[in-house]
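Undergrad: Have a look at this one before I ask anything.
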Amino acid sequence: EEIVAALKLCVLYTENIAANPTEAKFRRIKTSNKAFASKIGALPGADEIMLAIGFQAEQEGDETFLTLPEAKASQLTAEIAALKASIAYGSAVSADTLGQIVTSGTGEEEEPQFEEVYQLSCQLQGHEGDVRGVCFTEDGRLVTASR
């Protein structure tokens with residue numbers, strides 16, 4: 001839920017910039033801004049999304065700003081689409097659907113096509129060196145292995 005909220009704010013920022021690419025006020029975000037700090041800055045790694053979009057971190061005194069160069073401001077179509085796709089994916093994944101394999105195919109005569117596989121990952125304390133693999137074989141069996 002927090003990740004989706006952060007992505008939605010990224011979309012708002014990028015859509016505002018795309019609509020007003022020459023206006024510097026839209027291309028510059030103060031990282032201490034309440035909305036940014038609570039929705040994006042508070043999530044580990046979320047600020048890296050802004051850097052991947054093309055924002056550059058700038059320090060002015062005690063303040064940090066993320067600024068998108070004007071040349072990049074009119075070229076955000078792919079980034080906006082990727083953010084929206086991530087929101088759709090994040091909204092579809094819940095505690096009930098996490099770990100499921102989504103397939104398409106309407107009947108027995110049609111071979112199911114795997115569209116997405118949600119990958120779960122965790123690390124048990126004291127078992128940092130352990131490696132576990134889980135996969136499906138071609139004949140549909142589940143195989144696990146560990147070291």
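The values are calculated or read from the model by the stated rules, or taken from the named source; none is laboratory data. None of these values were measured; they are calculated from a predicted model. Ideal geometry is used to build each Cβ from the backbone, glycine not excepted, and the neighbour counts take in all protein chains shown. Please note that ligands, DNA and RNA were not included when accessible areas were found on the heavy atoms of the full protein model with its side chains. Shrake-Rupley method; radii C 1.70, N 1.55, O 1.52, S 1.80 Å.
Undergrad: Cα atoms only: what Rg and Dmax, in Å, come out for the stretch 1-65?
TA: Answer for the stretch 1-65, Rg first and Dmax second: 11.5, 34 Å.
Undergrad: Tell me which lysines have Cα within less than 17 Å of Lys84's Cα, excluding those fewer than 8 residues away on the same chain?
TA: Lys8, Lys39
Undergrad: What full-extension length gain, to one decimal in nm, is calculated for Val4 and Ala78 as 0.36 nm per residue of separation minus the Cα-Cα distance?
TA: Values: separation 74, 0.36 × 74 = 26.64 nm, distance 1.82 nm.
Extra length available between Val4 and Ala78 comes to 24.8 nm.
Undergrad: If you don't mind, there's one more thing I want to ask. Could you check the spin-label model distance between Arg28 and Ala71? Points 7 Å from the Cα along Cα→Cβ, value in nm.
TA: In this crude spin-label approximation the distance works out to 2.0 nm.
Undergrad: Right, something else. Report Phe26's accessible area, 1.4 Å probe, all protein chains in place, as a number in Å² to the nearest 10.
TA: Using a 1.4 Å probe on the heavy atoms, I get roughly 60 Å².
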